[in-house]
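Right, I'll just put the structure down here and ask away after.
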Amino acid sequence: MVSRSLEKMILIAIGLSTAVIIGVPVLLYTIDTLGNASQLEMAEQFAERLHNLTERVDNGLANNTSVVVSVPEGISVTANGATLTVAFEKLGVASQYWGETYGHSIELVPPIESGTHSLLIQLVGDEIHISFAPVMSP
């Protein structure tokens, strides 16, 4: 009798150890994957919003747009001529790029870091001026 109880306890201990050894890394990987997917989704929403606002100014629907935006981690914004590109680059995640070309050339003051920024988009002459300025917390 004692031998069977001990045998059952050993089998339970082996089963639990195996579950922990295999389960914990899988759980941590899943949590990391979900976090990366969430960051990628925030980056995509940021890029869509920036391009939508820029397009409104480019098409003449608005001469001057000023909003407060949250710049996610891993985001960089660049302009080359009339092309505006938002890049999301993070270690362990495939890089993503969202680019659009507009009818006016773009003058850009990009965000230097992630966080809350004041975004100003204006049509000045024949150029779209886009500037990000960090918003300081009180």
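Using 0.36 nm times the number of residues separating Gln45 and Ser76, minus their current alpha carbon distance, what extension gain do you get? If you can, show how the numbers build up before the last one.
Numbers: separation 31, 0.36 × 31 = 11.16 nm, distance 1.39 nm.
Computed gain between Gln45 and Ser76 is 9.8 nm.
Can you put Val135, Val77, Val20, Val86 in order, fewest other beta carbons within 10 Å first?
Numbers: Val135 13, Val77 20, Val20 10, Val86 23.
Going from least to most buried by this count: Val20, Val135, Val77, Val86.
Consider a paramagnetic label point 7 Å from the Cα of Ala62 along Cα→Cβ; state which residues of the range 97-138 have an amide N under 12 Å from it.
Backbone N within reach: 119-123.
Positive end of the charge dipole of the range 38-138 (Lys, Arg +1 and Asp, Glu -1 on Cβ, about the Cα centre): tell me which of Gly99, Val71, His129 has its Cα farthest that way.
Selected residue: Val71.
With an 8 Å Cα cut-off and a minimum separation of 6 or more residues, compute the relative contact order for the chain in percent.
Working: 197 pairs, mean separation 28.1, N = 138.
Taking the mean separation of contacting Cα pairs over the length of the chain, I get 20 percent.
Let me ask you something else. Say each of Met136 and Ser118 gets a label point 7 Å from the Cα, pointing the same way as Cα to Cβ; how far apart are those two points in nm?
1.2
Right, something else. If the chain between Ala13 and Ser38 were fully stretched, how many nm would it gain, using 0.36 nm times the residue separation less the Cα-Cα distance? Don't skip to the answer; put the middle values down first.
On the way: separation 25, 0.36 × 25 = 9.00 nm, distance 3.66 nm.
Stretched fully, the Ala13-Ser38 segment lengthens by 5.3 nm.
In addition: Compute the signed sum of charges (Lys and Arg +1, Asp and Glu -1) over the other residues within less than 13 Å, Cβ to Cβ, of Glu100. The partial results should precede the final answer.
Values: positive: Arg49, Arg56; negative: Glu48, Glu55, Asp58.
Surrounding charge for Glu100 is -1.
Next question, about the same structure. Just to be sure I understand: of the beta bridges DSSP finds with both ends in the range 2-134, what percent are antiparallel, rounded to 5? Please report the intermediate quantities before stating the final value.
Numbers: 29 of 34 bridges.
Taking every DSSP beta bridge within the range 2-134, about 85 percent pair in antiparallel fashion.
Using a basic spin-label model with each label point 7 Å from the Cα along Cα→Cβ, how many nm lie between Val109 and Leu27?
4.8
Moving to a separate point now. Angle check, please: helix 2-58 long axis (alpha carbons) against the longest principal axis of the chain (alpha carbons), in degrees 0 to 90, nearest 10.
0
Which net charge results when you count Lys and Arg as +1 and Asp and Glu as -1 among the other residues whose beta-carbon is under 14 Å from that of Leu84?
For residues surrounding Leu84, the net value is -4.
Values quoted throughout were computed directly from the atomic coordinates according to the rules given, and no laboratory measurement underlies them. All of these numbers come straight from a predicted model, not from anything done at the bench. Glycine also receives a Cβ, built like all others from the backbone with ideal geometry; neighbour counts cover every protein chain displayed.
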